[in-house]
Amino acid sequence: MVHFHVKHIRMDKFKLVFSVTLFVSMMALICFCISTVNDTLQKLEVYRQQYHGSGWDFHRKVFWSDSETKEGTHLSGEASDYDAANFEKEYKLAASKLNIEIPENEEKISRLPHCIIVGVSKCGTRALLEYLDLNPYVTAVPREINFFNNDSLYKNGLEWYRQEMPASYSNQITIEKSPDYFECPECPRRISAMNKTIKLIILLRDPVERLISQYMQFVDKYQNTDRKLPPFEQWVRDPKTGELNTRIPSLQVSIYADHIHNWYSYFPRKQILIVDSHKLTKSPLTELAKVESFLGLDPFLSEKDIYFNETKGFHCLRNRYTGKTRCLGRTKGRPHIEVQKEVLHALYNFYNPHNERLKNLLGYWMSWF
Ligand code: A3P
């Protein structure tokens, strides 16, 4: 009887120890699961904040959006407080690491751009940026920041500008695009003051086509407003003389030679890549190979990433990891109006000598000359 009692107590003790151990293990497991889930949620939130609005990414291709990428300007300021030496160090580090894997335990931070697509507006700047963003070693700035061409933004300083950049790893290139920098007289000097070794990209399209494309953009912009936009033929003419109004800013933008001259006076030619807009539109992969090489990137973009879409009539983008596809938005690749022949003629006559000057400046012909 006593013997049975002792055995019984021993069994109870054993059960107690076993239960406590089991309970503690379960609690540890639950804590571990909660912290892992929490950690993952935090990482996803960081991704969401970083890529919100771009609808686009690389290993981060989790938040894929079919909606049109928003473009717009922002607020910004004084460019004297930035540590240029540090930026230079970062830039060299990024360049030297381009052929290695994304560092796993490294924190992403915002970096000043290593490359800026400075123009020209309506020449395919959005398409180029979005194509490049498919390369895992590129981080594209989704919005047009318009920092260097806006005095009040420029006053905010380079630190403000840096914080507008999406976070990236040290082996990624950050690319901003603000095509209105092209015709802004102070922009080459201001960008050079930030980093004189920065790489710049300029896309050039037939100047008349570019002008018409710009006009189509205004049509779209003003269609539901009180502002009346005259027909194209009137818009480009001086109402008093009936001649071309060559003082219209949009007409001036297409005088490429003048603006490129300004860029060349601040940057060596090897730092500025001129991209033929027509070639980029027709066969993007050939042009993108040149851009990747210019940026010091290993060739990456291929048919896996870009394909021709019959319905859109343009190339569209494919996420090679998920297979999801996406075309640029409605405002890219709009149909153009038919312009009266004599006005077209006058415009080409106006641009021909400027194109000739451009040819002499570049030392070669563009496909659309
Ligand atoms: P249109 O709308 O006149 O056809 P930007 O992005 O600099 O504003 O340039 C817009 C132009 O990009 C479009 O002008 C279009 O011709 C050109 N483009 C080039 N590749 C494109 C693409 N894959 N999808 C849409 N438009 C593209």
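Check LEU361 against each of (1) closer than 15 Å to GLU209 by Cβ; (2) in contact (Cβ under 8 Å) with a residue 12 or more places away in the chain; (3) of a type outside the set (Gly, Ala, Ser) and name the one condition it does not meet.
The number of the failed condition is (1).
Among the numbered criteria (1) away from the ligand (no atom under 16 Å from the Cβ); (2) within 26 Å of ARG269 (Cβ to Cβ); (3) not in a helix (DSSP H, G or I), which one does ASN224 miss?
Just one mismatch for ASN224, condition (2).
Tell me the residue from PHE218, PHE232 that is within 16 Å of the ligand (Cβ to nearest atom), without any contact (Cβ under 8 Å) to a residue 40 or more places away in the chain and within 31 Å of the chain's Cα centre (by Cα), please.
PHE218
Could you give every pair whose Cβ atoms fall below 7 Å, whose first residue belongs to the range 249-264 and is touching a residue at least 40 places away in the same chain (Cβ under 8 Å) and buried (at least 16 other Cβ atoms within 10 Å of the Cβ), and whose second residue is assigned to a helix (DSSP H, G or I) and among the aromatic types (Phe, Trp, Tyr), counting only separations of at least 6 or pairs across chains?
Here the result reads SER254/TYR351, each pair linking the range 249-264 to a residue that is assigned to a helix (DSSP H, G or I) and among the aromatic types (Phe, Trp, Tyr).
For TYR222, are the conditions met, namely being surrounded by fewer than 19 Cβ atoms within 10 Å (Cβ to Cβ), more than 29 Å from LYS279 (Cα to Cα) and aromatic (Phe, Trp, Tyr)?
Yes: the conditions hold for TYR222.
Give the residue that is nearest to the ligand (Cβ to nearest atom), with candidates limited to residues of the range 339-365 that are over 25 Å from ARG126 (Cβ atoms) and in a loop (DSSP other than H, G, I, E, B).
Among those that are over 25 Å from ARG126 (Cβ atoms) and in a loop (DSSP other than H, G, I, E, B), it is GLN340.
Checking the structure you have, find out if any residue of the range 258-276 is within 14 Å of the ligand (Cβ to nearest atom) and part of a helix (DSSP H, G or I).
No, the conditions are met nowhere in the range 258-276.
Could you check THR281 against (1) surrounded by 14 or more Cβ atoms within 10 Å (Cβ to Cβ); (2) more than 13 Å from the ligand (Cβ to nearest atom); (3) closer than 28 Å to TYR364 by Cα; (4) of a type in the set (S, T, N, Q) and say which number it fails?
All conditions are met except number (2).
In the range 142-178, what count of residues is obtained for those that are farther than 20 Å from ILE274 by Cα and either at pLDDT below 95 or of a type outside the set (Phe, Trp, Tyr) (or both)?
Final tally of qualifying residues: 25.
Note down all Cβ pairs under 8 Å where the first residue falls in the range 274-303 and is closer than 19 Å to ARG320 by Cα and of a type outside the set (D, E, K, R), the second is more than 13 Å from the ligand (Cβ to nearest atom) and not in a loop (DSSP other than H, G, I, E, B), and they're at least six residues apart or on different chains.
LEU297/VAL138; LEU297/ILE173; PRO299/ALA289; PRO299/GLU292; PRO299/SER293; PHE300/GLU292; LEU301/ALA289; LEU301/GLU292
The values are calculated or read from the model by the stated rules, or taken from the named source; none is laboratory data. Remember, it's a predicted structure, so these values are computed and weren't measured experimentally. Quick reminder, even Gly has a Cβ in these numbers, built from the backbone with ideal geometry, and neighbours come from all protein chains shown.
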